[in-house]
Each structure stands twice: as C-alpha cells, then as structure tokens.
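A.B. asks: Provided herewith is a single structure, encoded as structure tokens, for subsequent inquiry.
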Amino acid sequence: MNVFVSDTLQDLEEKGLRRELRTVESAQGREVVIDGKRFLNFCSNNYLGLADDERLKKAAAACLEEQGLGAGASRLVCGNLSAHRVLEEEIARFKGTEASLVFSTGYMANVGIIASLFGAGDMIFSDRLNHASIIDGILLSQAKWKRYPHCDMDALEAMLQKAQGYRQKVIVTDTVFSMDGDIAPLDKIVALAKKYDCLVMVDEAHALGVLGENGKGVVEYFGLQDQVDIQMGTFSKAVGSFGAYCCGRKMLIECLVNKARSFIYTTGLPPSIAAASCEGIRIIEDDQQRRQQLWENTRYFVKRVKEMGFETLNTETPIVPIVVKEAELAVQFSKVLYEQGLFVAAIRPPTVPQGTSRLRVTIMATHTQEDLDRLLAALSAMKI
C-alpha cells in the first residue's frame, strides 16, 4: 500500500498534476487572507459576492437560534425541518416549477437524480465536458450512455437517430461549463429532444443567479421554462450558500424522495444553511444591479484579455479560461500571480482534457475596475 501511494504521488508530481490545499483564513470575498497575507480572489464561484453578505449571515443566525445547528437525522427519519420546506418552496417558485427537492451537495444531487431515474434499458446522452458528478451518476445508474462532442448538435442528432429500442432516453448537459465558460445550446438540445422523444436534464450550477433576465439560469435565458424535464442546480455559487436542488414536476420530486439514495441515506442539510440560501435567492430576485455589475466587470475583463491575445476558448460568462496548454506552465503562471497577491487557480487534467491546462479566472460583481486592471497588468507581463 505505501509503495503504491508513494509511486502514485511521484507520478503526479512528475506530470505537474499533484495538488495541495491552501487554507483561506478569511471569508470568501473579492479579497481573501492566506498565511496572513491579502490576495485578490479570482478563483471563487462566488459570482455575486454573497458568500459573506450580512443579509445571509443574519438569516442563518436567526434560523440557528430557532432550529439549532444540525438536522439530526436523514430527512425521511426526523431531519426534515421547516427550513428545508421553505427553501424547497422558494426555489420551486423562483424557477417556475411544481416542486423541488434539496440535496446536501451538487455532487449528491447529480448522482442521486441520475442513478434513481435511469438504469438498465435506458440510454443517456452526455456532453463530453459535463461535470464529473454527472459522469459518476451515469456510471452508477448502469444505463447505456454515449458522450457527444462538446456542444456538437450534429453529432448528438446522429447518435439520437441510431438510438432505438430503449425504455427511456435522456440528454444531460451542464448549462454553463465550469472550466470553459461557454453556454450549452439548450434551445437546440430541447428541439432535438422533442424530435427524438427524449427527456432533458440540465445542471444549472454556474448559471443560477448569473444568466437569464431574472437570474433564473440558462433555462430562462432561452425561454424554456416549461420544456426542460429535470432542472438541477446549486446554492454554493452565485447564491453564496451551500447545497443543491432538483426542480420539476411533483411526481418527479416524489420519486426522488423515495429512490435517490444520496438523499435518503444522508443527514439533512443544516437548517441555518437552508435559511441563508433562501435569503440569497431573494437577493438575486430583488437586486438586479448586482448582476448587472457582474456582467459589466465580465465584459470589461474579457474584452481586454482578448485584445492582449490570450486564448479564452468560447467563454460567454464570468468564467474566463486562459489556456496555456501544459500543466507545468499553468502551475508556474499561477505561482507567479500568487507571488503578486493574485489568487488564480491552475486547472489541469483530469479536470480538463490533456493539452488544455489553463488559468481559470472567475469574475465577481464585487471586483473593482482597479482589481481587474491589476490582474490584466500582471497577465500582460507574463509570456503565455
């Protein structure tokens, strides 16, 4: 065992793929403290800057006083607290669906949804760049599956044309791809699903609060509110809290309550976290200016970084990949930025395909133009 672990770590080191944890000593915000030093934070998915918002803290504190810290049991035993019910009602109302179910994490949501609804005799079509939790849910389901080239609708249709004799067929996709920053062509996916009698499941983790006229995500962005069967998303990014959800018809939610093992066999989400998520949703709905500022920052940074000649793939969102190809280079450039007080993550395989290692810059509504210019100046001085 020791030899195997040692060899594995050595192999990762040699390939530039070994990772380490950095401890943040402050709240998540436009600045964070690491080892007593302040860094501008360009790593976080805290797009709207709500993770340290006083309103979320107050909502959590009030619920903590009333309902305590832990849920105490799985929700089907005695851990189904009123804070969970209120959050499920709130996200269903916000997303415009009949019902919703809250999961403890996005990973648990995707694994639980896919593995409980699909199985032997079914066919799943998955975008090649879908999140790992989607892939693991598919593998656990034991359904047959095909990966179509990223956002390639012609390839997807060719696969759909050949898929005959299956009990159920479903197309599963991220709506915003977390490492590339592009948006799935959901309008075309839904059209193909109708043509070939497929269900559609979307992961809105990086879209909720960011896209759509009211921040409801890519489903709203394309005006498809009544045409997507399964909507999953998280509260841990733009909402500024923690946990995940599945929205859809009441019958779907009842089925998940009874079959999703990642829901059934885990303790309920802490009620204070659910209360904070509710407050985050209300802020997203009421504070349009915050989202507008996010997009002003995003447009400014993307325009400037492209003018500087960096490869940013097809990003359309506050996720801005700066491709450097080799894993070792990504680590090196991240380190150079870190030494200048700029916290930017190096993303390497297996998170992204071989030869596409990158710096992943994420923009927040709370970044100032001075913050963005500081990062741009540091990037311009580097030979990428």
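A.B. asks: Would you mind counting up the charge near residue 328? Only other residues with Cβ under 12 Å from its Cβ, with Lys and Arg at +1 and Asp and Glu at -1. Please list the in-between numbers first.
C.D. replies: On the way: positive: 15, 18, 325, 335, 348; negative: 13, 14, 326.
Value of the local net charge: +2.
A.B. asks: Further question on the same structure: Could you work out what % of the accessible surface of the stretch 181-227 is carbon and sulfur, using a 1.4 angstrom probe and leaving DNA, RNA and ligands out of the count?
C.D. replies: On the way: 750 of 1690 Å².
Roughly 45 percent, rounded to a whole number.
A.B. asks: Hey, which lysines would be in cross-link range of residue 37, C-alpha to C-alpha under 27 Å, not counting anything within fewer than 8 residues on its own chain?
C.D. replies: Within reach: 57, 237, 335, 383.
A.B. asks: How much FRET efficiency would the formula 1/(1 + (r/R0)^6) give for residue 335 and residue 153, where r is the Cβ-Cβ distance and R0 is 41 Å, rounded to 0.05?
C.D. replies: Plugging the Cβ-Cβ distance into 1/(1 + (r/R0)^6) gives 0.55.
A.B. asks: Enumerate the calculated ³J(HN,Hα) couplings along the stretch 151-157 in order (Karplus 6.51 cos²θ - 1.76 cosθ + 1.60, θ = phi - 60°), each rounded to whole Hz, writing x wherever the residue is Gly or Pro.
C.D. replies: Working through the residues one at a time gives 6, 8, 6, 5, 5, 4, 5 Hz.
A.B. asks: Under 17 Å Cα-Cα from residue 144, which lysines qualify once same-chain neighbours fewer than 8 residues away are excluded?
C.D. replies: 162, 169
A.B. asks: A follow-up question, please. Sorted from largest down, give the three principal axis spans of the alpha carbons of the stretch 110-237, whole angstrom values.
C.D. replies: Between the extreme Cα coordinates on each principal axis of the stretch 110-237 lie 40, 27, 26 Å.
A.B. asks: According to a simple spin-label model (label point 7 Å from Cα along Cα-to-Cβ), what is the distance in nm between residue 85 and residue 98?
C.D. replies: About 2.0 nm separates the two model spin labels.
A.B. asks: Counting only residues 5 or more places away or on other chains, whose amide H sits under 5 Å from the amide H of residue 24 once H atoms are built in the peptide plane?
C.D. replies: Sorted by chain and number, the residues that satisfy this come to none at all.
A.B. asks: A further question on this structure: Taking 10 °C and 1.306 mPa s as the conditions, I'd like the Stokes-Einstein D for the stretch 72-145 in µm²/s, using the Kirkwood hydrodynamic radius from alpha carbon pairs. Please report the intermediate quantities before stating the final value.
C.D. replies: Values: Rh = 13.9 Å.
My calculation gives 114 µm²/s for D.
A.B. asks: Quick one: net charge around residue 168, please, counting Lys, Arg +1 and Asp, Glu -1 for every other residue with C-beta under 13 Å from its C-beta.
C.D. replies: Details: positive: 144, 167, 169; negative: 122, 197, 229.
My count for the surroundings of residue 168 gives 0.
A.B. asks: Here is a follow-up. Please compute, over every Cα-Cα pair in the stretch 246-384, the percentage with a separation greater than 23 angstrom.
C.D. replies: Details: 5021 of 9591 pairs.
Beyond 23 Å sits 52 percent of the P(r) for the stretch 246-384.
A.B. asks: Give me the distance in nm between label points sitting 7 Å out from Cα along the Cα-to-Cβ direction at residue 308 and residue 288, one decimal.
C.D. replies: 3.3
A.B. asks: Return the sequence-ordered ³J(HN,Hα) values of the stretch 123-140 in whole Hz as given by the Karplus equation 6.51 cos²θ - 1.76 cosθ + 1.60 applied to θ = phi - 60°, using x for Gly and Pro.
C.D. replies: Ordered by residue, 3J(HN,Hα) equals 10, 10, 10, 10, 4, 4, 9, 4, 4, 4, 5, 5, 4, 5, x, 5, 4, 5 Hz.
A.B. asks: Then there is this: With +1 on each Lys and Arg Cβ and -1 on each Asp and Glu Cβ, and nothing else charged, work out how big the dipole of the stretch 83-195 is about its Cα centre, in Debye to the nearest 20. Mind showing how you got there, number by number?
C.D. replies: Details: 13 positive and 14 negative charges, 99 e Å.
Around 480 debye, computed over the stretch 83-195.
A.B. asks: Can you give the translational diffusion coefficient of the stretch 1-136 in µm²/s, computed by Stokes-Einstein from the Kirkwood radius over Cα pairs at 25 °C and 0.890 mPa s? It would help to have the intermediate numbers written out before the result.
C.D. replies: Details: Rh = 19.7 Å.
The Stokes-Einstein estimate is 124 µm²/s.
A.B. asks: With a cap of 10 neighbouring Cβ atoms within 10 Å, and only residues DSSP puts in a loop, list the GluC sites (Glu not before Pro) found in the stretch 150-250. List each step's numbers first, then the result.
C.D. replies: Values: sites: 157, 204, 213, 220; in loops: 204, 213.
Here the sparse-neighbourhood loop sites are 213.
A.B. asks: What does the charge count around residue 47 come to, taking other residues whose C-beta lies under 11 Å from its C-beta (Lys +1, Arg +1, Asp -1, Glu -1)? Don't jump to the answer; show the numbers that get you there.
C.D. replies: Working: positive: 237, 290, 291; negative: none.
My count for the surroundings of residue 47 gives +3.
A.B. asks: Given the DSSP H assignment, sum -39500 (n - 2.57) over each helix run of at least 4 residues in the chain and divide by its residue total; what's the result at 222 nm in deg cm²/dmol, nearest 500?
C.D. replies: Values: 14 runs with 162 residues, N = 384.
Only helices count here, giving -13000 deg cm²/dmol.
The values are calculated or read from the model by the stated rules, or taken from the named source; none is laboratory data. Owing to the predicted nature of the structure, the values given are computational and were not obtained by experimental measurement. Neighbour counts are summed over all protein chains in view; Cβ atoms, including those assigned to glycine, are modelled from backbone coordinates with ideal geometry. Surface accessibility is based on the protein's heavy atoms, side chains included, excluding ligands, DNA and RNA. Shrake-Rupley method; radii C 1.70, N 1.55, O 1.52, S 1.80 Å.
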